[in-house]
1. Does at least one position in segment 86-96 carry a residue that is assigned to a helix (DSSP H, G or I), surrounded by fewer than 24 Cβ atoms within 10 Å (Cβ to Cβ) and among the acidic types (D, E)?
2. Checking T113 against (1) of a type in the set (V, I, T); (2) in a loop (DSSP other than H, G, I, E, B); (3) closer than 13 Å to A231 by Cα, which test does it fail?
3. Please go through segment 183-216 and pick out each residue that is surrounded by 15 or more Cβ atoms within 10 Å (Cβ to Cβ) and in a helix (DSSP H, G or I).
4. With respect to V304, determine if the residue is part of a strand (DSSP E or B), more than 30 Å from S55 (Cα to Cα), at pLDDT 95 or above and not charged (D, E, K, R).
5. Could you check segment 558-579 and list, in sequence order, the residues that are part of a loop (DSSP other than H, G, I, E, B) and either crowded, with 18+ Cβ neighbours inside 10 Å or of a type in the set (D, E) (or both)?
6. Tell me whether segment 367-375 contains one or more residues that are in the same structural domain as G329 (by TED's automatic domain parsing), touching a strand residue (DSSP E or B) at 6+ places or on another chain (Cβ under 8 Å), part of a helix (DSSP H, G or I) and modelled with pLDDT of 95 or more.
7. Which one of G482, G499 is under 23 Å from the mean Cα position of the chain (by Cα), among the small types (G, A, S) and under 23 Å from A564 (Cα atoms)?
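The values are calculated or read from the model by the stated rules, or taken from the named source; none is laboratory data. Just so it is clear, the structure is predicted and the values come from calculations on it, not from any experiment. Here the Cβ positions follow ideal geometry from the backbone for every residue, glycine too, while neighbour counts run over all protein chains shown.
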Amino acid sequence: MDQHELRELGQRLRVDAVRASGAAGSGHPTSSMSAADLMAVLLAHHLRCDFEAPSNPCNDHLIFSKGHASPLLYALYAAAGAISDEELLTFRSLGSRLEGHPTPRLPWVDVATGSLGQGLPVGVGMALAGKRLDRLPYRVYVLCGDSEMAEGSIWEAAEHAGYEGLDNLTAILDVNRLGQRGPTRHGWDTGAYARRLGAFGWHTIEIDGHDVAAIDAAYREARATTGRPTAIIARTEKGHGVAAVADKEGAHGKPLPDTEEAVAELGGRRDLTVATRHPEAEHCARPLDHGPVTLPRYEVGDEVATRDAFGAALAAVGSGYGEVVALDGEVGDSTRSGIFAKEHPERFFEVYIAEQQLVAAAVGMQARGWVPFAATFAAFLTRAYDFVRMAAVSRADVNLVGSHAGVAIGKDGPSQMGLEDLAAFRAVHGSAVLYPCDANQTARLVDAMAAASRSDRRIRYLRTSRGETPVIYGPDEEFAIGGSRVLRASDRDEVTLVGAGITVHEALEAADRLAAAGIAARVVDLYSVKPVDAVTLREAADATGRLVTVEDHWPEGGLADAVAEAFGDGRPVPRMARLAVRNMPASATPEEQLEAAGIDADAIVAAARDLIDLAAHA
């Protein structure tokens with residue numbers, strides 16, 4: 001296309017963004033209008049994408065980090081012939097694929113965006129996959145808004161991209177000066193952004209974002225730049241082309257006052273379409289190594305930390321599944337993901353202490369078909385929780401591992417203790433939450449997580465423990481996601497003790513003490529906290545009428561709530577005692593921590609006796 005046609009294409013994108021928002025009666029047309037020329041040139045001259053084959057592994061990738069500019073993205077798809085004009089006007093309506101912010105309901109959308117500051121970190125993950133895993137020539141383009149440059153996650157991404165030398169990544173910064181409530185921090189000072197990104201090792205190009213020749217030259221320069229990522233920093237005008245809203249405060253997030261008048265001012269509808277350049281087809285598939293999964297085996301009675309079993313199992317799974325990758329937040333010695341790094345260094349990624357980038361990179365890699373396991377301390381995953389939440393919106397398939405969970409870690413104190421992680425991950429849509437109690441169970445669950453990634457897309461969370469615990473299961477036992485184990489049972493049981501992870505061992509000791517006192521107690525290892533094995537819990541309730549739940553976690557949202565929900569269908573609810581961490585821990589030994597929190601065997605015995613005595617009095 002010549003420059004006149006590029007300008008016309010930009011106008012078509014503006015018109016269609018205005019029309020889509022007008023039809024919906026909502027949306028962000030002004031934020032779309034500022035970046036229209038940037039996207040027009042990208043679509044016409046630089047984006048190599050076969051829209052008829054969205055799964056082509058050599059396609060370039062375009063991420064709208066400023067997801068509220070979705071009308072522009074959908075207008076781009078319409079100009080490429082990927083969607084019809086009729087579908088364009090279903091924007092934000094019930095049943096439409098064109099949601100208010102982009103989601104992978106559309107096959108050309110890799111990940112959901114809309115929570116600002118996420119697109120660039122995910123783009124870093126995709127660019128890493130292209131460089132080190134796929135080893136393919138596709139490029140990753142990320143459209144960023146100037147407002148979101150205040151997000152810390154953007155700078156985690158900027159530093160990591162610069163450190164990794166991701167020259168297949170181009171950030172397009174739409175500096176339109178206005179945010180949701182007024183001017184942005186740096187306004188039109190493109191140099192402020194250039195200095196910051198340059199400090200992280202980026203090649204920066206400052207341009208007029210409405211000069212199609214300058215835009216075209218910037219994309220060519222980005223492609224020619226090697227050894228570092230490029231940021232095209234474009235000064236633009238919000239609402240460009242329509243006087244009523246151009247560079248006006250108060251127009252954000254609203255359809256234009258008069259859609260027909262605005263379309264006329266923009267020169268009317270255009271039929272100009274673009275046939276994008278398709279990527280080269282050769283070398284677009286990389287064969288993966290597959291072999292048997294030989295999981296580590298532990299003897300019953302051994303003392304092994306579940307974090308140790310996780311590390312060994314992850315390395316074994318990596319040998320069996322060539323698509324498994326591991327990501328670390330600079331705690332690989334503690335989480336034991338470092339074992340994977342030694343055996344599969346080409347599929348191990350050190351993200352350093354940047355938990356948002358850790359999860360985002362995993363989301364980006366899974367969008368390219370890889371099976372990521374991202375591990376750090378359970379407590380530190382809370383920093384990345386918004387990325388986890390959005391990963392679920394993306395229908396992402398990610399395995400997250402949190403070690404050093406609960407007060408049982410001992411003397412490090414509460415800053416290192418994951419005590420809200422079960423609640424947090426249970427609240428994620430469609431998630432699976434697993435908390436193994438011994439080494440063989442851990443190994444089997446790691447294998448189950450990797451295998452499930454092929455067919456059951458969801459967020460999976462595995463909670464591991466720091467200290468050594470007895471191996472109570474044989475190495476050949478199977479453990480399914482959604483299952484449980486009944487470890488003690490008889491037809492004389494008066495109470496059921498329900499634990500997971502570290503508290504299973506306390507429950508077993510409590511059951512032995514109760515048995516010595518003539519009280520039979522059933523013990524359930526509820527290793528799958530979500531989905532929960534409601535059938536086994538209901539059978540135990542029917543048999544004993546009393547449940548004691550015990551968890552190394554705050555009382556809100558964890559194991560006890562998962563158990564209680566199994567009785568939320570109207571059936572009689574058993575008497576329940578809920579033991580959980582209710583004090584603020586301090587430094588102490590693991591044994592002292594469990595006692596102080598009231599979740600050790602002594603506390604379980606007392607709670608069981610109280611339930612039985614209460615029933616007797618009743």
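1. Taking segment 86-96 first, the residues assigned to a helix (DSSP H, G or I) are 86-88.
Restricting the remaining residues to those that are surrounded by fewer than 24 Cβ atoms within 10 Å (Cβ to Cβ) gives 86-88.
Those left that are additionally among the acidic types (D, E): 86-87.
There is at least one residue in segment 86-96 that is assigned to a helix (DSSP H, G or I), surrounded by fewer than 24 Cβ atoms within 10 Å (Cβ to Cβ) and among the acidic types (D, E).
2. Only one criterion is unmet by T113, namely (3).
3. T190, A192, Y193, A194, R196, L197, G198, V212, A214, I215, D216
4. Details: part of a strand (DSSP E or B): yes; more than 30 Å from S55 (Cα to Cα): yes; at pLDDT 95 or above: yes; not charged (D, E, K, R): yes.
When the stated conditions are applied, V304 passes them.
5. First, pick out the residues of segment 558-579 that are part of a loop (DSSP other than H, G, I, E, B): 558, 566-574.
Scanning segment 558-579 gives G558, A566, D569, P574.
6. No: segment 367-375 contains no residue that is in the same structural domain as G329 (by TED's automatic domain parsing), touching a strand residue (DSSP E or B) at 6+ places or on another chain (Cβ under 8 Å), part of a helix (DSSP H, G or I) and modelled with pLDDT of 95 or more.
7. It is G482.
The rows are residues; the columns are (1) of a type in the set (D, E); (2) touching a helix residue (DSSP H, G or I) at 6+ places or on another chain (Cβ under 9 Å); (3) buried (at least 19 other Cβ atoms within 10 Å of the Cβ); (4) outside any helix (DSSP H, G or I).
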residue: M1; (1), (2), (3), (4): no, yes, no, yes
residue: E8; (1), (2), (3), (4): yes, yes, no, no
residue: A17; (1), (2), (3), (4): no, yes, yes, no
residue: S26; (1), (2), (3), (4): no, no, no, yes
residue: N59; (1), (2), (3), (4): no, no, yes, yes
